Amino acid sequence: MIENASILFNKITHGVYVIGVANGSEQNAFTAAWVMQVSFEPPMIAFSINPEHYSYKLLQASGVCTVNVLGQDHLAIAAHFGRSGVKEKMTTYCWQAGKSEAPVLADSLAYFDCKLSHFSDAGDHKIAVCEVINSAELNSGWPLLYSQTGNMDGSSDLYKT
Ligand SMILES: Cc1cc2nc3c(=O)[nH]c(=O)nc-3n(C[C@H](O)[C@H](O)[C@H](O)COP(=O)(O)O)c2cc1C
């Protein structure tokens, strides 16, 4: 048990990303902060995903995803993709299919198109370890920081204190 867990964990620096997933003709995306580069060669990215997310089912089935980097002006995008059970979640913002077929968000600063390597267990989440197969810068700007999203993800209630 950690005292003031939500305050202490908020001191760990994260950016804010939209993880795009697709399986066949179906696409979805969710906002994620727990994302990091984990290898130079091959280039790899890992992110933590709650297995109850709808996106997890698509990722598990297809093994493809994109990691889209949000910028300072993208709080509304973070909030949109941070909601679950949204009907037609993919119709509000422009996207196109990447090389992997997973959706690339046109507004993002940069994207990484990925193939899932494997999942590892991490408590109530799974770590998706992915190989980057394509990437590009789409727009200029400074990345959005997780600390700037306040309690948008409702995480302050999730720590057992
Ligand atoms: C700022 C922010 C950061 C988030 N970070 C993560 C994360 O790193 N991992 C995760 O599994 N969910 C994270 N979430 C929660 C998901 O985005 C949210 O539950 C989403 O609705 C899941 O969508 P889906 O069920 O359509 O896949 C975050 C939400 C917000 C707003």
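No lab work stands behind these numbers, since they all come straight from the coordinates. Remember, it's a predicted structure, so these values are computed and weren't measured experimentally. Quick reminder, even Gly has a Cβ in these numbers, built from the backbone with ideal geometry, and neighbours come from all protein chains shown.
Some points to look at:
- Compactness ratio for the range 1-41: Cα radius of gyration over 2.2 N^0.38 Å (N = residue count) comes to 1.68.
- For the range 1-74, the spherically averaged projection of the C-alpha convex hull amounts to 7.0 nm².
- Kirkwood-Stokes translational diffusion coefficient of the chain, alpha-carbon pairs, 10 °C, 1.306 mPa s, µm²/s: 100 µm²/s
- Once exposed loop trypsin sites (Lys or Arg not before Pro) are cut out (DSSP; at most 14 other Cβ, 10 Å), longest piece of the chain: 12-82
- Scaled against the 2.2 N^0.38 Å expected of a compact globular protein of N residues, the Cα radius of gyration of the range 72-161 reads 1.25.
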